[in-house]
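Bear in mind these aren't lab numbers, they're just calculated from the coordinates by the rules spelled out. Please read these numbers as outputs of a predicted model, since none were measured by experiment. Note that each Cβ is placed from the backbone with ideal geometry, even for glycine, and that neighbours are counted across all protein chains shown.
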Amino acid sequence: MKILITGGAGYVGSVLTNTALGNGHDVRVIDSLYFDNRVPLINLGNPHYEFFRLDVSDGQRLGPLLAGVDYIIHTAAIVGEPASNRFPELTEKTNYLAAKEIIGLAAGQGVKGFIFLSTCSNYGITEGLAREDGDLKPLSLYADTKVRVERHLIEGKSDIDWVVCRMSTVYGASPRMRFDLTVNDFAMNAYRKKYLDVFLPYTYRPYIHVYDAARVIMTMIEQFNKVRNNVFNVGFNGENYQKIRIADIVKRSIPDLKIDVVEKGTDLRDYQVDFTKLERYLGLKNMYTVENGVKEVVDMLSMGIIEDPDADIYYNTKPRLGKAVAH
Ligand SMILES: NC(=O)c1ccc[n+]([C@@H]2O[C@H](COP(=O)([O-])OP(=O)(O)OC[C@H]3O[C@@H](n4cnc5c(N)ncnc54)[C@H](O)[C@@H]3O)[C@@H](O)[C@H]2O)c1
């Protein structure tokens with residue numbers, strides 16, 4: 001089948017692309033390349049891969065590229081609270097307006113299904129485990145735009161089958177590496193500085209390895225009739241962690257790490273999530289744990305695969321994205 005992945009050169013999108021190709025599908029990627037421009041190189045010669053450098057807000061150029069596509073995985077977005085605070089107009093345009101337009105265009109082209117990458121951040125702060133039908137409390141513009149797109153799909157405002165994936169926080173190695181995600185950030189700083197400040201250490205969040213995330217999403221497409229028109233929390237029961245627990249896991253790989261807890265912080269999100277529905281529908285278990293992600297980060301730094309983890313391309317808030325705003 002032919003799968004179109006928006007944001008397919010991103011942290012999650014590039015692993016999704018390779019997973020889809022590995023599973024024998026044709027993949028068409030649309031990405032504006034805000035970050036690491038080299039990412040598509042690894043697949044450019046593959047006859048099952050097509051790449052288009054394009055802004056997803058450009059409906060005129062994007063529309064014809066939906067012809068012949070079976071499924072769309074929509075990952076392109078301005079991702080994370082810091083980036084959405086820094087670029088609010090771009091966030092509204094990319095995350096909400098463009099998503100709505102693509103959904104409309106896809107319905108008109110007979111696309112079989114639209115997989116929307118949303119986020120467990122939508123829960124904001126929970127008491128107990130959040131289920132898919134629980135209350136949403138988006139605490140940032142980023143999460144708010146995701147909630148609005150979800151609503152557009154759930155309320156059936158367009159004629160297309162869909163799945164909403166509320167993703168756990170992702171970790172692990174990807175061709176477009178991000179060091180602004182908790183596990184990757186902790187492992188990178190611990191390895192380099194042997195020191196970690198952990199803000200709001202007892203707040204919870206669920207975590208998922210990027211390869212597990214890609215496997216879940218591909219399984220959804222391959223078994224679309226089972227999952228269509230549903231919201232899923234994407235992650236695994238047992239993978240909700242307090243931040244201090246993540247730091248403890250990192251310390252197992254870096255024993256001389258010094259950890260300081262800071263009881264204050266600006267990121268107030270604190271949510272634990274129930275993943276029973278996903279397990280019930282697809283029966284998948286996690287193949288990776290946080291330990292794997294930490295080891296991957298330590299490996300990429302200790303072997304010099306990434307020499308300068310402070311470079312702009314590894315962060316969603318740095319000037320490269322600022323340049324895109326000026327376009
Ligand atoms: N990484 C996580 O922990 C996490 C957690 C929850 C949800 N998600 C969701 O997963 C998706 C992917 O996140 P990610 O971590 O891969 O982020 P990312 O920033 O690495 O990837 C986003 C990609 O989209 C592209 N993009 C951005 N705006 C675009 C535009 N206007 N036109 C075309 N391309 C554009 C960027 O160039 C980038 O390659 C997002 O929708 C995000 O909300 C991610």
Quiz item: Cα centroid distance between region 4-50 and region 68-118, in Å?
Solution: 16 Å
Quiz item: Rounded to the nearest 5, what is the percent of antiparallel bridges among the DSSP beta bridges in region 144-296?
Solution: 20 percent
Self-check item: Val111, Val15 arranged by Cβ crowding within 10 Å, fewest neighbours leading
Solution: Val111, Val15
Exercise. Taking the Cβ of each residue in Ile73, Ile254 as the centre, tally the other Cβ atoms inside 10 Å and list the residues starting with the fewest.
Key: Ile254, Ile73
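Pick out the long, greasy-scoring helices in the chain: whole DSSP H runs spanning 30 Å or more along their own axis by Cα, mean Kyte-Doolittle at least 1.6.
Helix filter hits for the chain: none.
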Quiz prompt | Anisotropy class of region 32-189 from Cα gyration tensor, a/c 1.5 cut | solution = oblate
Quiz prompt | Ranked Asp312, Asp260, criterion: other C-beta atoms within 10 Å, fewest first | solution = Asp260, Asp312
